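**Student:** Got a structure for you, questions after.
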Amino acid sequence: MSSTRDGVPGIREAEQAHADFLARYPTYVQTTLLDQLRKTQYRRLDDHRQIYLDYTGACLYAESQLEEHFELLRSGIFGNPHSANPTSAAMTEHVERTRRAVMKYFNALDDDYVLVFTQNASAALKLVGESYPFAPSARFLLTFDNHNSVNGIREFARAKGANVTYAPLLAPGLHCDINRIDALLGEADSGSNKLFAYPAQSNFSGVKHPLDLVRKAQAKGWDVLLDAAAFAPTNRLDLAAVRPDFASVSFYKMFGYPTGVGALLIRRPALAKLKRPWFAGGTINFASVQGQAHVLSPNEAAFEDGTLNFLSIPAVEIGLRHLESIGMDLIGERIRCLTGWLLDEFLVLRHGNGRAMVRIYGPVSTEKRGGTVTFNLYDPDGHLLDYRRIEELAGAEGISLRTGCFCNPGAGEIAEGLTMEDMQAGLSLGSDVNLLSFGRLMREQRHKSAGSIRSSIGLVTNFADVWRFLRFISRFRDQTRLTIGEVTFDIESCRIIRDGS
Ligand SMILES: Cc1ncc(COP(=O)(O)O)c(C=O)c1O
């Protein structure tokens, strides 16, 4: 769908676009297994005519995952694990079997790693934050590009007097500034505790940050926390090769179901450094009220507070098997083809006066990036269109996008050129400041955007999804008004001009 074609594209144009796409991305035909799965296991998407482009938010599950899990629950009798009675023992066996399956999946050898089941990636990250030996001599270095659940660790570091430093990103590609990171890693004292945190893949821009930063940082005496939440769904993470001290994941991001289960993988030498600030049911070998003392359990048990989400945990093994039956290389290739095409088409989308319609934040080619594509739209005069309105209009067409800052304020600040002065202006709004009020201030007084639109391609996205999404976006060409259903909007101010309902 290039800017040279006018009007609403018809079937012939769709066929032509498909042929162009296959000519540019011929390896797509090797991924037809996913088309078959879409028809059988994910048919609800087409039954409901939904275009799901929020895979960085959550993956979708296959019907077979539900069936297998429900069959297990239907046929078994499962009690609270970690007791000797038969129903508890049956559940313990499933939990431990799933733990082994996850370790195997990430190639985390038993001698090297322990795996802690958590509620999600955020809970995994919090365990590191609250247990890492931060002190006035310690350092916490993190990239601008991090999810807030990593940014939040700075509060634990600060509270214990540690130095907190952010390593910048390079605009417009939003890659790490490797030279700067090298310099920052070299600055710290050799004897102190030092934690370096970064995401293997950005949930904002889709950038895949270099995994060899783990070894580089470790060689300079740093412990490394690799947030793999956005990377693991479409890439193989080999922990025996990458060897981060900590890695965090949420399983619903990888295969959609179950929610409520994530993991923290801890390398054994780093495990020895962690000190839990409290104890809970399930984490201790012994506790006394009169003696006011407790002895923590060894290994992962010290970190799994209370009762695990035990009935959901076996569904993780089922999900992993589902991903393995497709193959990560095939998933990655499919995503590369569709993302490449989306980026190519975004780049050529122009208004009649030649102005670009779309501004992409992050890499504009498929090199070192995944399927997350974040952008904003502009009208023919170069005015920013309100991303919240775009999300609403997309929603009315059955297209699921996400808008805002995606819990990654640092990448957003660099992408949109927001300065410290802008941030201070926002913070001067006091305790009422939120993305809405900050966004209004930036838009109206500083002509900047505080947020953007995120489309993310994932496991069962197909050509038709991306085609229909591009059709939707191309409707903003040369428009200052747009009619959806009965309602006509001025698309810059979002004012309703005519409501025919
Ligand atoms: C890179 C990254 N880290 C951490 C998280 C937090 O995951 P959860 O909300 O499952 O705890 C997310 C969620 O979007 C993410 O994308």
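The values are calculated or read from the model by the stated rules, or taken from the named source; none is laboratory data. As the structure is a computational prediction, the values presented were derived from the model and not from experiment. Note: ideal-geometry Cβ built from the backbone for every residue, glycine included; neighbour counts use all protein chains shown. The area values use the complete protein model at the heavy-atom level, side chains included, leaving out ligands, DNA and RNA. Shrake-Rupley method; radii C 1.70, N 1.55, O 1.52, S 1.80 Å.
**Student:** Classify the stretch 289-330 from the C-alpha gyration tensor, please: rounded if a/c falls under 1.5, else prolate or oblate depending on whether a/b exceeds b/c.
**Tutor:** prolate
**Student:** How much mean residue ellipticity at 222 nm does the chain get from its helices, if each DSSP H run of length 4 or more adds -39500 (n - 2.57) and you divide by all residues, to the nearest 500 deg cm²/dmol?
**Tutor:** Values: 20 runs with 195 residues, N = 501.
Taken over the chain, the calculation gives -11500 deg cm²/dmol.
**Student:** Mind grabbing the accessible area of residue 330 for me, 1.4 Å probe, Å², rounded to tens?
**Tutor:** Looks like 40 Å² after rounding.
**Student:** Also: Tell me which of 195, 53, 237 sits at the most positive position along the dipole axis of the chain, charges placed on C-beta atoms (Lys, Arg +1; Asp, Glu -1).
**Tutor:** After comparing all options, I get 195.
**Student:** Another question about this same structure. Treating the beta-carbon of each Lys and Arg as +1 and of each Asp and Glu as -1, no other charges, what is the dipole magnitude of the chain about its Cα centre, to the nearest 20 debye?
**Tutor:** Roughly 440 debye for the chain.
**Student:** Further, regarding this structure: Helix 86-105 versus the longest principal axis of the chain: what angle, 0 to 90°, nearest 10, using Cα atoms?
**Tutor:** With both axes taken from Cα atoms, the answer is about 60 degrees.
**Student:** Something else now. Net charge near residue 42, counting Lys/Arg +1 and Asp/Glu -1 over other residues with Cβ under 15 Å of its Cβ?
**Tutor:** Around residue 42, the surrounding residues sum to -1.
**Student:** Relative contact order for the stretch 1-100: what is it in percent, counting Cα pairs under 8 Å that are at least 6 residues apart? Each step should come with its number before you reach the end.
**Tutor:** Working: 36 pairs, mean separation 11.2, N = 100.
Rounded, it is 11 percent for the stretch 1-100.
**Student:** Is the stretch 34-172 best put as rounded, prolate or oblate by its Cα gyration tensor, with a ≥ b ≥ c the root eigenvalues, rounded for a/c under 1.5, and otherwise prolate when a/b is larger than b/c, oblate when not? Spell out each step's value before the answer.
**Tutor:** On the way: a/c = 2.82, a/b = 1.34, b/c = 2.11.
Taking the square roots of the gyration eigenvalues as a ≥ b ≥ c, the stretch 34-172 is oblate.
**Student:** Determine which lysines satisfy two conditions relative to residue 126: a Cα distance under 29 Å, and not lying fewer than 8 residues away in the same chain.
**Tutor:** 104, 160, 194, 208, 216, 220, 253, 273, 275, 368
**Student:** Expressed in nm to one decimal, what extension gain is obtained for the pair residue 475 and residue 446 from 0.36 nm per residue of sequence separation less their Cα-Cα distance? If you can, show how the numbers build up before the last one.
**Tutor:** On the way: separation 29, 0.36 × 29 = 10.44 nm, distance 2.75 nm.
Extra length from residue 475 to residue 446 when fully extended: 7.7 nm.
**Student:** I've got another one for you. Relative to the longest principal axis of the C-alpha atoms of the chain, give the angle of the C-alpha long axis of helix 11-24, reported between 0 and 90° and rounded to the nearest 10°.
**Tutor:** Roughly 50 degrees, rounded to the nearest 10.
**Student:** Measure off 7 Å from each Cα along the Cα-to-Cβ vector at residue 109 and residue 348, then give the distance between these two points in nanometres to one decimal.
**Tutor:** A separation of 5.0 nm, rounded to one decimal place.
**Student:** Take every Cα pair under 8 Å in the chain that's 6+ residues apart, average their separations, divide by the length, and report that relative contact order as a whole percent. Could you put the intermediate results ahead of the total?
**Tutor:** Details: 907 pairs, mean separation 99.3, N = 501.
The normalised contact order for the chain reaches 20 percent.
**Student:** Round to the nearest 0.05 the FRET efficiency obtained for residue 367 and residue 392 when R0 = 35 Å and r is the Cβ-Cβ distance.
**Tutor:** 0.60
**Student:** Separation between the residue 419 and residue 50 pseudo-spin-labels, each 7 Å from Cα along Cα→Cβ, expressed in nm?
**Tutor:** With each label placed 7 Å out from Cα toward Cβ, I get 4.4 nm.
**Student:** Let me ask something additional. Roughly how much of residue 103 is accessible, in Å² to the nearest 10, using a 1.4 Å probe?
**Tutor:** The value for residue 103 is about 20 Å².
**Student:** Averaged per residue, what accessible surface does the chain expose to a 1.4 Å probe, in Å²?
**Tutor:** Ligands and nucleic acids excluded, the result is 43 Å² per residue.
**Student:** What FRET efficiency do you get for residue 288 and residue 87 if R0 is 30 Å and r is their Cβ-Cβ distance, rounded to the nearest 0.05?
**Tutor:** E between residue 288 and residue 87, to the nearest 0.05, is 0.50.
**Student:** Further question: Taking 7 Å along the Cα-to-C-beta vector as the label spot, tell me the residue 18-residue 70 distance in nanometres, rounded to one decimal.
**Tutor:** Here the modelled spin labels are 3.3 nm apart.
**Student:** Hey, another quick one. With Cβ to Cβ distances under 9 Å as the rule, what net charge do the other residues near residue 133 carry (K, R +1; D, E -1)? Before the final figure, lay out the partial values.
**Tutor:** On the way: positive: 160, 273, 275; negative: none.
Result for the neighbourhood of residue 133: +3.
**Student:** With Cβ to Cβ distances under 14 Å as the rule, what net charge do the other residues near residue 265 carry (K, R +1; D, E -1)?
**Tutor:** Numbers: positive: 99, 100, 104, 243, 267, 268; negative: 110, 111, 112, 223, 227, 238, 245, 300, 304.
For residues surrounding residue 265, the net value is -3.
**Student:** Follow-up question, since we're still on this one. Out of all DSSP beta bridges with both ends in the chain, state the antiparallel percent to the nearest 5.
**Tutor:** Roughly 65 percent of the beta bridges in the chain run antiparallel, per DSSP.
**Student:** Tell me the angle of helix 63-75 to the major Cα principal axis of the chain, expressed in degrees between 0 and 90 and rounded to the nearest ten.
**Tutor:** Around 30 degrees separate the two axes.
**Student:** If you don't mind, another one. Looking at the square roots a ≥ b ≥ c of the eigenvalues of the Cα gyration tensor of the stretch 109-230, which shape do they give, rounded for a/c under 1.5, prolate if a/b is larger than b/c, or oblate?
**Tutor:** rounded
**Student:** Round to the nearest 0.05 the FRET efficiency obtained for residue 179 and residue 215 when R0 = 22 Å and r is the Cβ-Cβ distance. Each step should come with its number before you reach the end.
**Tutor:** On the way: r = 17 Å, r/R0 = 0.77.
Approximately 0.85, to the nearest 0.05.
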